[in-house]
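Participant: Dumping the structure here so I can ask a few things about it.
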There are 2 protein chains.
Amino acid sequence: MRLSRYFLPVLKETPGEAAIVSHQLMLRAGMIKQQSAGIYSWLPLGLKVLNKIAAVVREEQDRSGALEILMPTVQGADLWRESSRYDAYGAEMLRITDRHDRELLFGPTAEEVVTDIFRTHVRSYRDLPLNLYNIQWKFRDEIRPRFGVMRGREFLMKDAYSFDLDEAGARDAYRKMFIAYLRTFQRLGLRAVPMRADTGPIGGDLSHEFIILAPTGESGVFYDAAYEETDWQGSAISFDNTDEARTGREAAVNDFIKAYAATDEMHDQARFEAEVPAERRREGRGIEVGHIFFFGTKYSEPMGAKVTGPDGKDVKVQMGSYGIGVSRLVGGIIEASHDDAGIIWPDAVAPFGVGIINLKPGDAAADAACQQAYDALDKAGRDPLYDDTSERAGAKFATMDLIGIPKQLIIGPRGLAAGVVELKDRRSGERRELSLDAALAELGA
Amino acid sequence: MRLSRYFLPVLKETPGEAAIVSHQLMLRAGMIKQQSAGIYSWLPLGLKVLNKIAAVVREEQDRSGALEILMPTVQGADLWRESSRYDAYGAEMLRITDRHDRELLFGPTAEEVVTDIFRTHVRSYRDLPLNLYNIQWKFRDEIRPRFGVMRGREFLMKDAYSFDLDEAGARDAYRKMFIAYLRTFQRLGLRAVPMRADTGPIGGDLSHEFIILAPTGESGVFYDAAYEETDWQGSAISFDNTDEARTGREAAVNDFIKAYAATDEMHDQARFEAEVPAERRREGRGIEVGHIFFFGTKYSEPMGAKVTGPDGKDVKVQMGSYGIGVSRLVGGIIEASHDDAGIIWPDAVAPFGVGIINLKPGDAAADAACQQAYDALDKAGRDPLYDDTSERAGAKFATMDLIGIPKQLIIGPRGLAAGVVELKDRRSGERRELSLDAALAELGA
């Protein structure tokens, strides 16, 4: 993309309404625009990042065997009466009345809708296990929306729902999601620590929150260094439905969560010091980006979601639900990865792979070299952003750093006369002079 | 994907509530489930098709130079008061009140929101032309929702909005979308005929509807065969912002629309016969799937969307808007392409590229050959659906035809003993025996 044809309304000043760094940087980088309290438009740069995060989440859900569907944003009140949550959910539910005075709502979550799909279409234990997920906009009418996309009202959530014949199966489904979440957050360049959690309005008796570490996080976290040391990408854990794979998942999860981890609310310093050797004690701050629940028959019982078991008798299915805050992760990643100059995107979610800065548009040599770099990087799938505008060089450097492009290629007439361009690494700040060909080779083009 | 691990709740009976063939087939093929009147969940097969259509729409919008953003589903009433549409829009607008008694609405379209983005961030004529689009769920509270996704209440729309300094620029933006739409529908395997249309609640004085031809379409259409003869994919029309490209677009569009085309409401049989030679007269039925508008300063004037012109004076921008009914297209394509056995997907939107039918799961040779075919087709990116279930052969054939998989590979022990498999073409119904290797080569694997 050429910057002259793009819509990237960066701001020089930090907007006064933004209280946290991710909100400030998302506004300054032209990623979002507030439309109403807690409701945002995603501008081109913000949408690219949001879609990249969603793609990683989707790939890991698919890998785990979950199947993608898409449930509507507007749901009928009747289903929520069946589960007795319509009145119980309270003021956070956005209630709607249509032209025929029928009661609707903007879904804050979708246990009822997915249970309705299940009871309509699934009849036999042979169709289990089943996990259906969707990535869809939700609405929770927060009394005081704030922190930009971190606590908005309209937000993008990945929500998965598992259905199993018995509790052992449901606990295995829970572990599959547990592992899929750790893989997901690791691919997004985040360190995630799972914590036992309350179940709240979703219900059930088993729940974990996934907290990502960020210096500006909302809560303190205390954990064993073991949580930083597992490579979930290289792991040999299988998502197959064989006994061997199930046993492997159970062992992996149980082994992982036995190490100490607690948020400040639950932290027990004496236990921390007793259980964790000093050199392995880690303290930090964190942000909740995922939450998983096992709740048995809480919805299948009142809504009649059952299958015929192997013995021919009806069985209420055992369920769990599993959420990731996709739009919240955009803010979360920025909280975890930024410096004074702006955002530092992990490669997996960077909106553009390489920035090209033309120091002197109009100069024939600079234009030709930039065009050559652009074509080569574009062809190699590195999705370059080419600053071909007439801004001064300093402003161009500041914008590329603000919007966090991981690699930046700086090309000008003086360098070209000496046979070199400059290659900058956003994270380290390192700048090196080398030939254009060498730079392109290093960038995979 | 193995069918045994997929969620494909096909129905043997045609549901009574479905009055048109696309609605019947989408329910029978397990693509959607109604949740409330005019509100649907998209099951895995339906979602795959919806996403493939959206991807083609997105590629052609991007090619035309439009930039993707994402506006929220919930909008504030205040913006709609600025344009005087809040009261004017009527009962089709789903009005919402939040916990603080603020008036919101579920967006039926987004002229106001995008004009607000524009006026906040764009200051100079140098930033024009600009076209921002999004693919987002909309809600129109139809008094009598029907025909499945063809006239639902919650529906997926691609809506683009162009901003130009003057009317000539805006008319060029209109032509860019005109051409992009013809390219889009052609890629989707559809014949589209543009028709002059009323502007309705969007406003303005220039508008075209895009009607796709389908034997079961809602309205009659009369047109010159010229509309079937232009290849918009191979066309040399450029989307560049040069004078030469603009002149080319104007000539191409004007040349294209000079031929006769009218829906039955506007049809003039005498003119049709006078203008179109008998052998070039075409009559058919059609479905509206796109609608484009030029409306000048209808929104920029009341909402104060202006830029500084080349002479330093403020200019109200000239705008247009451009919609494609993405979810409606799923139904529209089925109306245009089906037979008694079910759906016939065009290759561009087929949910799976190849179906594999194992005639005797459990037979070692059949299992091995199917697995070999599956691995090869998967690796070649042909996205196979492998029916590995224990259903009887007839039911397997019926399901593959019902869900419209373009190419089907039928593998069983008897054929393998003779060194052959069967390759079936869904559209022609042709079945041929050939070796597995030859079949895979023909399928690009």
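The values are calculated or read from the model by the stated rules, or taken from the named source; none is laboratory data. This structure is a prediction, so every number in the text was calculated from the model and none was measured. No Cβ is skipped: glycine too gets one built from the backbone with ideal geometry, and neighbour counts run over all protein chains shown.
Participant: Which condition breaks for A:R81 when tested against (1) touching a residue at least 12 places away in the same chain (Cβ under 8 Å); (2) over 23 Å from B:L45 (Cβ atoms)?
Facilitator: (1)
Participant: Sticking with this one: Mind counting the residues in segment B:257-279 that are outside any loop (DSSP other than H, G, I, E, B), without any contact (Cβ under 8 Å) to a residue 60 or more places away in the chain and within 23 Å of B:F185 (Cα to Cα)? Please lay out each step first, then the result.
Facilitator: Pass one, segment B:257-279, residues outside any loop (DSSP other than H, G, I, E, B): B:257, B:261-263, B:269-275, B:278-279.
Then keep just the ones that are without any contact (Cβ under 8 Å) to a residue 60 or more places away in the chain; that gives B:269-275, B:278-279.
Still in the running and within 23 Å of B:F185 (Cα to Cα): none.
Count: 0.
Participant: Among the listed residues A:E209, A:E244, A:E288, A:E250, which satisfies the condition of being part of a helix (DSSP H, G or I), in the same structural domain as A:R328 (by TED's automatic domain parsing), surrounded by 14 or more Cβ atoms within 10 Å (Cβ to Cβ) and modelled with pLDDT of 90 or more?
Facilitator: Working: A:E209 fails: part of a helix (DSSP H, G or I); A:E244 fails: surrounded by 14 or more Cβ atoms within 10 Å (Cβ to Cβ); A:E288 fails: part of a helix (DSSP H, G or I).
Step by step, each of A:E209, A:E244, A:E288, A:E250 is checked, and only A:E250 is part of a helix (DSSP H, G or I), in the same structural domain as A:R328 (by TED's automatic domain parsing), surrounded by 14 or more Cβ atoms within 10 Å (Cβ to Cβ) and modelled with pLDDT of 90 or more.
Participant: If I filter segment B:66-91 down to residues being among the charged types (D, E, K, R) and within 12 Å of another protein chain (Cβ to nearest Cβ), which single residue comes out as surrounded by the most Cβ atoms within 10 Å (Cβ to Cβ)? Give the steps one after another, and end with the answer.
Facilitator: The initial filter retains those residues of segment B:66-91 that are among the charged types (D, E, K, R), namely B:68, B:78, B:81-82, B:85, B:87.
Add one more test, that the residue is within 12 Å of another protein chain (Cβ to nearest Cβ), and what stays is B:68, B:78.
On the way: B:E68: 20, B:D78: 14.
Result: B:E68.
Participant: I need the full set of residues from segment B:305-359 which are on the phi > 0 side of the Ramachandran plot and in a strand (DSSP E or B), in order please.
Facilitator: Within segment B:305-359, the first condition is being on the phi > 0 side of the Ramachandran plot, and the residues that meet it are B:312, B:342.
Residue satisfying the conditions is B:G342 alone.
Participant: Taking the stated definitions as given, is A:I257 of a type in the set (V, I, T), out of contact with any Phe, Trp or Tyr (no Cβ under 6 Å at 6 or more places or on another chain) and at pLDDT 95 or above? I'd like the intermediate steps shown before the answer.
Facilitator: On the way: of a type in the set (V, I, T): yes; out of contact with any Phe, Trp or Tyr (no Cβ under 6 Å at 6 or more places or on another chain): yes; at pLDDT 95 or above: no.
Criteria not met by A:I257.
Participant: With respect to A:A348, is the statement that it is closer than 24 Å to A:W137 by Cβ and in contact with a helix residue (DSSP H, G or I) (Cβ under 6 Å, 6 or more places away or on another chain) true? Spell out the reasoning first.
Facilitator: Numbers: closer than 24 Å to A:W137 by Cβ: yes; in contact with a helix residue (DSSP H, G or I) (Cβ under 6 Å, 6 or more places away or on another chain): yes.
Yes, satisfied.
Participant: Quick check on my filter: what residues within segment A:92-107 are buried (at least 19 other Cβ atoms within 10 Å of the Cβ) and in contact (Cβ under 8 Å) with a residue 24 or more places away in the chain?
Facilitator: A:M93, A:L94, A:L104, A:L105, A:F106, A:G107
Participant: Among B:P9, B:P72, B:P15, which is the only one that is at pLDDT below 95 and assigned by TED's automatic domain parsing to the domain that holds B:S321? Show your work before the answer.
Facilitator: Details: B:P9 fails: at pLDDT below 95; B:P72 fails: at pLDDT below 95.
From the options B:P9, B:P72, B:P15, the qualifying one is B:P15.
Participant: With the checklist (1) of a type in the set (S, T, Y); (2) crowded, with 16+ Cβ neighbours inside 10 Å; (3) in a helix (DSSP H, G or I) in hand, flag the one item B:Y223 doesn't pass.
Facilitator: Every condition holds for B:Y223 apart from (3).
Participant: Somewhere in segment B:303-310, is a residue more than 17 Å from B:A192 (Cα to Cα), in the same structural domain as B:M400 (by TED's automatic domain parsing), surrounded by 19 or more Cβ atoms within 10 Å (Cβ to Cβ) and among the β-branched types (V, I, T)? Before the answer, list the steps.
Facilitator: First, pick out the residues of segment B:303-310 that are more than 17 Å from B:A192 (Cα to Cα): B:303-310.
With in the same structural domain as B:M400 (by TED's automatic domain parsing) added as a condition, the list becomes none.
No: zero hits.
Participant: Would you be able to tell me the number of residues in segment A:352-372 that are touching a residue at least 60 places away in the same chain (Cβ under 8 Å) and surrounded by fewer than 20 Cβ atoms within 10 Å (Cβ to Cβ)?
Facilitator: Number of matching residues: 1.
Participant: Give me the pairs: first residue in segment A:335-351 and farther than 21 Å from A:E13 by Cα, second residue assigned to a strand (DSSP E or B) and hydrophobic (A, V, I, L, M, F, W, C), beta-carbon distance under 8 Å, and six or more apart or on different chains, which are they?
Facilitator: Partner pairs satisfying both residue conditions: A:A336/A:I212; A:A336/A:L213; A:A336/A:I287; A:P351/A:L385.
Participant: Now for a different question. Restricting attention to segment B:158-181, report how many residues are touching a residue at least 60 places away in the same chain (Cβ under 8 Å) and in a helix (DSSP H, G or I). Give the derivation first.
Facilitator: Restricting attention to segment B:158-181, the residues satisfying the condition of being touching a residue at least 60 places away in the same chain (Cβ under 8 Å) are B:158-167, B:169-181.
Still in the running and in a helix (DSSP H, G or I): B:167, B:169-181.
Matching residues across segment B:158-181 total 14.
Participant: Are any residues in segment B:105-126 hydrophobic (A, V, I, L, M, F, W, C), more than 9 Å from chain A (Cβ to nearest Cβ) and in a helix (DSSP H, G or I), and if so, which ones?
Facilitator: Residue satisfying the conditions is B:F118 alone.
Participant: Would segment A:52-65 turn up any residue that is closer than 26 Å to A:Y133 by Cα and at the interface with chain B (Cβ under 8 Å from one of its Cβ atoms)?
Facilitator: Checked segment A:52-65: at least one residue is closer than 26 Å to A:Y133 by Cα and at the interface with chain B (Cβ under 8 Å from one of its Cβ atoms).
Participant: Could you please let me know if B:G296 is assigned by TED's automatic domain parsing to the domain that holds B:T109, surrounded by 12 or more Cβ atoms within 10 Å (Cβ to Cβ) and at positive phi? Spell out how you get there, then give the answer.
Facilitator: Working: assigned by TED's automatic domain parsing to the domain that holds B:T109: yes; surrounded by 12 or more Cβ atoms within 10 Å (Cβ to Cβ): yes; at positive phi: yes.
Answer is yes for this residue.
Participant: Moving on to the next point. Of the residues that sit in segment B:127-141 and are within 9 Å of chain A (Cβ to nearest Cβ) and not in a helix (DSSP H, G or I), which one is nearest to A:R5 (Cα to Cα)? First the steps, then the outcome.
Facilitator: Of segment B:127-141, the ones within 9 Å of chain A (Cβ to nearest Cβ) are B:127, B:130, B:132, B:134, B:136-137, B:139, B:141.
Those left that are additionally not in a helix (DSSP H, G or I): B:130, B:132, B:134, B:136-137, B:139, B:141.
Numbers: B:L130: 8, B:L132: 12, B:N134: 17, B:Q136: 23, B:W137: 27, B:F139: 32, B:D141: 37 Å.
Per the stated criteria, the residue is B:L130.
Participant: When segment A:40-51 is examined, which residues are found to be at the interface with chain B (Cβ under 10 Å from one of its Cβ atoms) and out of contact with any Gly (no Cβ under 7 Å at 6 or more places or on another chain)?
Facilitator: So in segment A:40-51, the residues at the interface with chain B (Cβ under 10 Å from one of its Cβ atoms) come out as A:40-48, A:50-51.
Of everything in segment A:40-51, those that are at the interface with chain B (Cβ under 10 Å from one of its Cβ atoms) and out of contact with any Gly (no Cβ under 7 Å at 6 or more places or on another chain) turn out to be A:S41, A:W42, A:P44, A:G46, A:L47, A:K48, A:L50, A:N51.
Participant: Can you tell me how many residues in segment A:143-169 are within 9 Å of another protein chain (Cβ to nearest Cβ) and surrounded by fewer than 19 Cβ atoms within 10 Å (Cβ to Cβ)?
Facilitator: Here the count works out to 1.
Participant: Now, a different point. Look at A:E60 and say whether it is in contact (Cβ under 8 Å) with a residue 40 or more places away in the chain and out of contact with any strand residue (DSSP E or B) (no Cβ under 7 Å at 6 or more places or on another chain).
Facilitator: Values: in contact (Cβ under 8 Å) with a residue 40 or more places away in the chain: yes; out of contact with any strand residue (DSSP E or B) (no Cβ under 7 Å at 6 or more places or on another chain): yes.
Criteria met by A:E60.
Participant: Has segment B:123-135 got any residue that is over 14 Å from the mean Cα position of the chain (by Cα), surrounded by fewer than 21 Cβ atoms within 10 Å (Cβ to Cβ), within 22 Å of B:V317 (Cα to Cα) and of a type in the set (G, A, S)?
Facilitator: yes
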